[in-house]
Amino acid sequence: QVQLVESGGGLVQPGGSLKLSCAASTTFFSVYTMNWYRQAPGKQRELVARIISAGATTYADSVKGRFTISRDNAKKTVYLQMNSLKPEDTAVYYCNLVDRGAASWGQGTQVTVSS
């Protein structure tokens, strides 16, 4: 399994910004579709953003226009820039990839949006 390590979470006021990073331990990072998920207390884990190997992106409707996913293949890292944060964005954020049917997950990073 690929190891994924997220960082960049924290406490931010509504309207603020955070940038999450996820570093992968694989030589073949560039071929993978990379995903960011989040899970709020008492809720199911949901897909937030996806970036394929060619760079095309998709977003959940709830974050469109506020979040941007990007990748740096040389650094084997995927990012999630989060702007105009809302209290409802509070969750543990996880990065993910699927390799031949096997899913790899990071340990998660907590994002709390509160005044």
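The values are calculated or read from the model by the stated rules, or taken from the named source; none is laboratory data. Here the structure is a predicted model, which means the values were calculated and not measured. Glycine gets a Cβ as well: all are built from the backbone with ideal geometry, and neighbour counts include every protein chain shown. Accessible surface areas use protein heavy atoms only, side chains included; no ligands, DNA or RNA. Shrake-Rupley method; radii C 1.70, N 1.55, O 1.52, S 1.80 Å.
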### Message
Explain nothing, just the number: dipole magnitude of the range 1-91 about its Cα centre with +1 on each Lys and Arg Cβ and -1 on each Asp and Glu Cβ, in debye rounded to the nearest 20.
### Response
80
### Query
On full extension of the chain, what length is gained from Asp61 through Lys75, given 0.36 nm per residue of separation minus the C-alpha to C-alpha distance?
2.2 nm
### Query
Where in the range 14-115 are there trypsin sites (Lys or Arg not before Pro) that are in a DSSP coil and have at most 16 other Cβ atoms within 10 angstrom of their Cβ?
Lys43, Arg45, Lys64, Arg66, Lys75, Arg100
### Task
Could you go through the range 33-49 in sequence order and give the Karplus-derived ³J(HN,Hα) for each residue, using 6.51 cos²θ - 1.76 cosθ + 1.60 with θ = phi - 60°, rounded to whole Hz, and x for Gly and Pro?
6, 10, 10, 10, 10, 9, 9, 8, x, x, 10, 6, 5, 10, 6, 9, 7
### Message
At q = 0.11, 0.23, 0.25, 0.29 Å⁻¹, what log₁₀ I(q)/I(0) does the range 1-70 have when each alpha carbon counts as one equal point scatterer in the Debye sum?
### Response
-0.31, -1.28, -1.40, -1.48
## Note on the structure
For the chain, the percent of accessible surface on carbon and sulfur atoms (probe 1.4 angstrom, ligands and nucleic acids excluded) is 49
### Message
Just to be sure I understand: with springs between alpha-carbon atoms less than 10 Å apart, which residue in Gly65, Gly101, Gly15 has the highest mean-square fluctuation in the Gaussian network model of the chain?
### Response
Gly101
### Summary
With the 1.4 Å probe rolled over protein heavy atoms, the chain has an accessible area per residue in Å² of 53
### Query
How far, in nm, would the chain grow between Val5 and Thr112 when pulled straight, counting 0.36 nm per residue and subtracting the alpha carbon separation?
36.6 nm
### Cα gyration tensor shape for the range 31-109, rounded if a/c is under 1.5, else prolate or oblate
oblate
